[in-house]
Amino acid sequence: MTFLRVLLESDGCFAASRETLLQDADTCQELDELGLPVIGGRALRGLLVEEVGIVLSALRGLPEGKTYEAAAQELFGSPGQVAPGRLAVGDARYPEEARSVLADAVATESGLRLLAARSHTVLRRQTSIHEQTGAAATGSLRATRLVRKGTMLYSRLLFDGTAFGQATQCGVTHKALVAMAVRLLRRGGVHRSRGWGQISVELLDGGRSETSGGPVGETWSAPLLQRLAKGVDR
């Protein structure tokens, strides 16, 4: 199986919801039914698309540029198309083994769900400053509940319903493009330009579970990195 391992290098809020389990924030990080943080696959896919766009811009003018553009369209689809592309990005969650243990505990004591939510998130308060007085603007105080720094989540990647790394129709170009986009990912979520949502993402493949696969990002992205290093042929 193929997974993205997402490590939060700073507190962050992804796919924020106004429905907060703890009812103490204006905006809350999305939580699952166990009270654990989850980053939606749609949000992760959007981040990958942004980075793929950067890669394709760097390839513009190179002979292989069209090949990678075609691969990107296969993976993510084209703007305006109904079909979403052949790459499916799953929600990033805690490993299934850990979730199973917590689920058994929550079934016995439902209050553990609130404890899980509180222990895996942190509350931040922000306010706007009045330009003339320098004081907090009236009614501007907002509270946001974020995922804690150090949280590690896993998202499964599928290509036409098959594990991305094992799909027979998933070629070297597809793998290189996704691996390069993953290596470029640094931030996500709300207020990412203000220090929230710093992330490091690793591409894992070959394991039977989220945590048993080995890193393949460097290997898969090597052909693309080598081509970019050569620059435009003269």
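The values are calculated or read from the model by the stated rules, or taken from the named source; none is laboratory data. Keep in mind that what you see is a predicted model, and the values were worked out from it rather than measured. No Cβ is skipped: glycine too gets one built from the backbone with ideal geometry, and neighbour counts run over all protein chains shown.
Can you tell which of A43, A117, A88, A107 is in contact (Cβ under 8 Å) with a residue 60 or more places away in the chain and over 16 Å from the mean Cα position of the chain (by Cα)? Show your work before the answer.
On the way: A43 fails: over 16 Å from the mean Cα position of the chain (by Cα); A88 fails: over 16 Å from the mean Cα position of the chain (by Cα); A107 fails: in contact (Cβ under 8 Å) with a residue 60 or more places away in the chain.
Within the list A43, A117, A88, A107, the selection yields A117.
Every residue in the range 8-30 that is in contact with a Lys or Arg (Cβ under 9 Å, 6 or more places away or on another chain), modelled with pLDDT of 80 or more and closer than 24 Å to T211 by Cβ, please.
If the condition is that a residue be in contact with a Lys or Arg (Cβ under 9 Å, 6 or more places away or on another chain), modelled with pLDDT of 80 or more and closer than 24 Å to T211 by Cβ, then L8, E9, S10, D11, G12, Q29 are the ones that fit.
Each row is one residue, and each column tells you yes or no for (1) at pLDDT below 90; (2) of a type in the set (V, I, T); (3) under 29 Å from R60 (Cβ atoms); (4) within 16 Å of the chain's Cα centre (by Cα).
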| position | (1), (2), (3), (4) |
| --- | --- |
| A181 | no, no, yes, yes |
| H191 | yes, no, no, yes |
| S209 | yes, no, no, no |
| S212 | yes, no, no, no |
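Can you name the condition, by its number, that W196 falls short on among (1) within 18 Å of G90 (Cα to Cα); (2) in contact with a Gly (Cβ under 9 Å, 6 or more places away or on another chain); (3) not in a helix (DSSP H, G or I)?
In the conditions (1) within 18 Å of G90 (Cα to Cα); (2) in contact with a Gly (Cβ under 9 Å, 6 or more places away or on another chain); (3) not in a helix (DSSP H, G or I), W196 misses (1) alone.
L203 versus (1) aliphatic (A, V, I, L, M); (2) closer than 23 Å to T151 by Cα; (3) out of contact with any helix residue (DSSP H, G or I) (no Cβ under 6 Å at 6 or more places or on another chain): which is the lone unmet condition?
(3)
Restricting attention to the range 122-136, does a residue exist that is surrounded by 13 or more Cβ atoms within 10 Å (Cβ to Cβ), touching a strand residue (DSSP E or B) at 6+ places or on another chain (Cβ under 9 Å) and at pLDDT 85 or above?
So far as the range 122-136 goes, yes, one or more of its residues are surrounded by 13 or more Cβ atoms within 10 Å (Cβ to Cβ), touching a strand residue (DSSP E or B) at 6+ places or on another chain (Cβ under 9 Å) and at pLDDT 85 or above.
Quick check on this structure: which one of S110, S119, S78 is in a helix (DSSP H, G or I) and of a type in the set (S, T, Y)? It would help to see each step written out before you state the result.
Working: S110 fails: in a helix (DSSP H, G or I); S78 fails: in a helix (DSSP H, G or I).
Result of the check over S110, S119, S78: S119.
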